[in-house]
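A short worksheet on the structure shown next.
The values are calculated or read from the model by the stated rules, or taken from the named source; none is laboratory data. Bear in mind the structure is a predicted one, so any value in this text is a computation, not a measurement. Here the Cβ positions follow ideal geometry from the backbone for every residue, glycine too, while neighbour counts run over all protein chains shown. Just the protein is used for accessible areas: all its heavy atoms, side chains included, with ligands, DNA and RNA removed. Shrake-Rupley method; radii C 1.70, N 1.55, O 1.52, S 1.80 Å.
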Amino acid sequence: MADPSSYRPKPGQIPDSPGVYRFRDEHRRVIYVGKAKSLRQRLANYFQDLANLHPRTRTMVTTAASVEWTVVATEVEALQLEYSWIKEYDPRFNVKYRDDKSYPYLAVTLNEEFPRVQVMRGAKKKGVRYFGPYGHAWAIRETVDLMLRVFPVRTCSAGVFKNAARTGRPCLLGYIGKCSAPCVGRVTPEEHRELADDFCDFMAGRTGTYIRRLEKDMMAAAEEMEYERAARLRDDVEALKRAMEKSAVVLADATDADLIALAEDELEAAVQIFHVRGGRVRGQRGWVTDKVEAVDTSGLVEHALQQLYGEETGDSVPKEVLVPALPEDPEAVSQWLADRRGSQVSLRIPQRGDKKDLMVTVQRNAQQALGLHKTKRASDLTTRSRALEEIAEALGLDTAPLRVECFDISHLQGDDVVASMVVFEDGLARKSEYRRFQIKGFEGQDDVRSMHEVIGRRFKRYLQEKERTGEWEEAPAPTGAVPAPEASGADPLENEPREDDGRPKRFAYPPQLVVVDGGQPQVAAAKRALDELGIDDIAVCGLAKRLEEVWLPDDDDPVVLPRSSEGLYLLQRVRDEAHRFAITYQRAKRAKRIRSSPLDAVVGLGETRKQALIKHFGSVKKLKQATIDEICEVPGIGRRTAESVAVALASAAPAVPAVNTATGEIIEEDDGGSAT
């Protein structure tokens, strides 16, 4: 590990001008490339106290052994040079988007004497017109098959073309009218190229002209009583319309635009791009990348733009690029895009209308892509095994933690404080073992105290179950057994069944590792709760969200797992799942409290009969005015229940009247049944 001060440039040596810089390691390999408006200010940020640097930046500067820079005239030149160097050196600490698959394009080889329409993958070639990318090759072939009726362009390979020219016989497509058969001279090279140009224009979105022209020719043929030709033209129009329907209109103003959306977490980011041409989605693609450098959403957008348009020119760069966040220097990026296109390019965030709605769709695709990527990564047995081994090594455990339990606290400004417990066995979520808790020992907001209570309650239940069953041996439940004090009044998920059904009870299995969402204070509270119960064979750690640091009890410094560690990735998934489960319960509990009514106090009155009462009388207010005999008329309501309902409603505090803030009037509640 190098000391950054050992290679720090001398004061005044770094120019105060735009440029691009490179960090190299001891073997002279470029490990990071960056750009800056002011090289002096930017590089100074890397040579500060290491404790103040982001962990990823800290790793980079301690891996590097030297830094060098190149001065340029403008920020646009810096952007272009940065992209070129990233492509050339492939630095390990730069974010790089890579295709998760090779997307197919519809290509027209305009660089040949007789242009050919075909499906192409891989690097783009000069002189070839590309459309797409498409999600599946079959989607391209369906579109081409429909369009060859109107634009019978050559689709055969060079070998088939030469063989047909030698024998004087075209292929099958030439006989059925889906190829103009330039191989046997049915059309001249000029006529065939005109067909290829028309095909490209149609694919580029200029569809209305051809359809109107065909419809006009169809009507003329019908008037001249050339019905066979009119019918053929009618079929051509229908074929073009079906081809257009393959990509629905999403922007009514026939816009040419690319929409870019991101989904990210602490370790990874997914980007999705929709290519809209002529108001229709003509292509879609996406990538997932590891966040190997300290980069925010703006930086990810800038990297995506470089990846998308670094090798593109002309119409391949659209007039409009819509993004979720603007790069750090939007003017320079816009100018760079304009230089590549050859005309002005609008780079902006959609604010309203169809474009914002479509951006929401692209964002949803990015979220799904990231989720799918995580699912694929988590489902791999080898990867899970490696993750558990890395956790065991990092935490100093004797064996891999095959059962991991994670706890999280959730509340809304101190109200409705709840906790969650999620379980992962062999690296996979075991949702049937999830549990949730209400914090009962105190009121208010204290995450540390809440964590101590929850850990204590969970492992008290473990000890009770262990004692009851006699060290995991099946034993009948003692007669007259009652729930433990900690479970009294708890959530249904906390109540353990008393009967012995041959299966392990809900808190019977101990974990090898307890993970808490938080840092040193939460870890100390969890460890203290275990110590108070005399449990010393369960490891405890915490995962702090801000820097993804792993904290151990009694350690002043955290364990920093490598950013690419599968162990860190698994701990993050466990923590995020605990957070999701806790906040879902907290929101449900809060919503239930808001929807509470005086009928909730009636013992034995379930939700079905509550709804029956409200439906019969129309509102709680009218129910409150009813007599006991009138309440008994409701199906399923006996006299004793009716008396309980009447008593509960009579003793309920009157609701605070709602006030119209505009007029000052009291709003009478006639049809409501819930306090909101």
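Criterion applied to ALA222, ALA243, ALA269 was being open to solvent by less than 50 Å² (accessible area, probe 1.4 Å), modelled with pLDDT of 80 or more, of a type outside the set (Val, Ile, Thr) and closer than 26 Å to PHE151 by Cβ, and the one residue passing it is ALA222. Of all residues being in contact (Cβ under 8 Å) with a residue 40 or more places away in the chain and under 20 Å from ALA588 (Cα atoms) in the range 428-439, which is nearest to the chain's Cα centre (by Cα)? Just the residue, please. Checked the range 428-439; the qualifying residue nearest to the chain's Cα centre (by Cα) is TYR434. The set of residues in the range 43-59 being buried (at least 17 other Cβ atoms within 10 Å of the Cβ) and modelled with pLDDT of 85 or more consists of LEU43, TYR46. Within the range 550-569, residues that are open to solvent by less than 20 Å² (accessible area, probe 1.4 Å) reach partners that are basic (Lys, Arg) with beta carbons closer than 8 Å, at six or more positions or on different chains, in the pairs GLY567/ARG386; TYR569/ARG377.
Scanning the range 279-315 for residues that are modelled with pLDDT under 80, of a type outside the set (A, V, I, L, M), open to solvent by 20 Å² or more (accessible area, probe 1.4 Å) and farther than 22 Å from GLU88 by Cβ returns ARG280, ARG282, GLN284, ARG285, ASP315. Consider the range 1-29 and keep the residues that are hydrophobic (A, V, I, L, M, F, W, C) and either open to solvent by 90 Å² or more (accessible area, probe 1.4 Å) or within 10 Å of ALA65 (Cα to Cα) (or both). The one that is modelled with the lowest pLDDT is MET1.
Would you mind stating whether ARG154 is at pLDDT 85 or above and within 47 Å of the chain's Cα centre (by Cα)? So ARG154 fits the description; yes.
Considering the conditions (1) at pLDDT below 75; (2) open to solvent by less than 60 Å² (accessible area, probe 1.4 Å), THR479 is excluded by exactly one of them, (2). Candidates are the residues of the range 225-240 that are acidic (Asp, Glu) and at pLDDT 75 or above; the one that is farthest from the chain's Cα centre (by Cα) is GLU226.
Answer yes or no as to whether ARG575 is surrounded by fewer than 15 Cβ atoms within 10 Å (Cβ to Cβ) and within 27 Å of the chain's Cα centre (by Cα). Here the answer is no, as ARG575 does not meet what is asked. Within the range 392-432, the set of residues being over 14 Å from ILE455 (Cα atoms), among the charged types (D, E, K, R) and buried (at least 18 other Cβ atoms within 10 Å of the Cβ) comprises ASP416 only.
Of GLY342, GLY353, GLY371, all but one fail to be open to solvent by 60 Å² or more (accessible area, probe 1.4 Å) and either small (Gly, Ala, Ser) or on the phi > 0 side of the Ramachandran plot (or both); the exception is GLY342.
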